[in-house]
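*Asks:* I'd like to ask some things about the structure below.
The values are calculated or read from the model by the stated rules, or taken from the named source; none is laboratory data. Just so you know, these numbers come straight off a predicted model, no measurement behind them. Ligands, DNA and RNA are excluded from the accessible area calculation, which covers all protein heavy atoms including side chains. Shrake-Rupley method; radii C 1.70, N 1.55, O 1.52, S 1.80 Å.
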Amino acid sequence: MPLFMDIHELPGATREEMAHAHGADLQTQEKFGVQYQKYWFNESCGKGFCLIDAPSANAAAAVHRAAHGFLAEKIIEVEPDMVDAFLGGGNVDATGVVSFPDGELDSAIRTVMFTDIVGSTSLTERLGDEGAMEFLRIHDTIVRAALALEQGREIKHTGDGIMASFRSAAATVRCALQIQREFARRDQRDLPLKVRIGAAAGEPVEHAQDIFGSTVQLACRLCTQAEPDQILVSNVVAELCMGKGLTFHTLGHVALKGFAHPVHVHAVEWSDKAPVFDP
């Protein structure tokens, strides 16, 4: 049966109200051949995201209509593996809501980060396939070690880099800093390998017809836009990092391919301090 995710705009809704609505869904779903699995709730924004096994989007919506009348603003079909990659690992309590181990609600906001090896094509031409693969191995080792430190989840390998997801924007930036510092340290050993990094944050159901579609696209474009050794982030990431001891400087609004309007971009300030790991 297909898997769907929806988004509810419920300003002022409480955790108790959401739990009651989900309970009503569970009592109603059988007659429509639907199974509501769990939901995420961003209480500060009044937004909820339900994960549903259903024969169709209309059947999923029919459960909400019959159970409580709180219809979703949007519903999209999603791939189970991608949902688990981006949103997996949380605790689900008896009410069906997803939370962190400390009991804090999981808002479902994720920060997506891309790394990209600078000049990978020229490296292959200069060093051959085996030499280039060794550089790729070094990149992968450095990035994965940094992901492990900051609890990032690798979504996929892009061939010239890695796409990852984080629950925390600050953890994303700290991970990017660790990566750049380690490459800077190794550059002092005559390792001519540099990376660019881009990151953006958002909700699972957006304007694109794919889970985290707009966020993934923006993070990728920011990575492409970045200079060697640079970390570029969206305005949302910079705002989520306020008070976290991280430093940014704004680059203003930048035109990015695929975006109708210029995007407010920030560069992360960093220095080549010694990294805390040595892969």
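*Asks:* Would you mind telling me which residue in GLU16, GLU206, GLU43 has the biggest mean-square fluctuation in a Gaussian network model of the chain, where springs connect alpha carbons within a distance under 10 angstrom?
*Replies:* GLU16
*Asks:* Please report the relative contact order for the chain, taking Cα pairs under 8 Å with a sequence separation of at least 6, and give it as a percent rounded to a whole number.
*Replies:* Numbers: 549 pairs, mean separation 44.4, N = 279.
Taking the mean separation of contacting Cα pairs over the length of the chain, I get 16 percent.
*Asks:* Quote the convex hull volume per residue of the chain, based on C-alpha atoms, as a whole number of Å³.
*Replies:* On the way: hull volume 39.8 nm³, N = 279.
Per-residue hull volume (Cα only) is 143 Å³.
*Asks:* Kirkwood Rh over alpha-carbon pairs of segment 140-279, then Stokes-Einstein at 4 °C and 1.567 mPa s: what D in µm² s⁻¹, rounded to an integer? If you can, show how the numbers build up before the last one.
*Replies:* Numbers: Rh = 15.4 Å.
Using the Kirkwood radius from Cα pairs, D works out to 84 µm²/s.
*Asks:* Ok, one more. Springs between alpha-carbon pairs under 10 angstrom, Gaussian network model over the chain: which of GLN27, GLN151, GLN35 fluctuates most?
*Replies:* Among GLN27, GLN151, GLN35, the largest mean-square fluctuation in the Gaussian network model of the chain belongs to GLN27.
*Asks:* Next question. First compute the accessible area of the chain with a 1.4 Å probe, then give the percent of it belonging to carbon and sulfur atoms.
*Replies:* On the way: 6650 of 13250 Å².
Using a 1.4 Å probe with all protein chains present, the chain comes out at 50 percent carbon and sulfur.
*Asks:* Cut-off under 18 Å on the C-alpha distance; same-chain residues fewer than 8 positions from LYS244 excluded. Which aspartates and glutamates are left, in chain and number order?
*Replies:* GLU150, GLU269
*Asks:* Using a ≥ b ≥ c from the Cα gyration tensor of segment 40-126 (square roots of the eigenvalues), is it rounded, prolate or oblate, where a/c under 1.5 gives rounded and otherwise the larger of a/b and b/c decides, a/b for prolate?
*Replies:* Details: a/c = 2.97, a/b = 1.89, b/c = 1.57.
In terms of gyration-tensor shape, prolate.
*Asks:* Here is a further query. Tell me, in nm to one decimal, what length is gained between LYS257 and LEU71 on full extension, where the rule is 0.36 nm per residue of separation less the Cα-Cα distance? It would help to have the intermediate numbers written out before the result.
*Replies:* Details: separation 186, 0.36 × 186 = 66.96 nm, distance 3.40 nm.
Result: 63.6 nm gained on full extension.
*Asks:* Please calculate how many Å² of accessible area the chain carries per residue, with a 1.4 Å probe and no DNA, RNA or ligand atoms counted.
*Replies:* On the way: 13250 Å² over 279 residues.
Using a 1.4 Å probe on heavy atoms only, each residue of the chain averages 47 Å².
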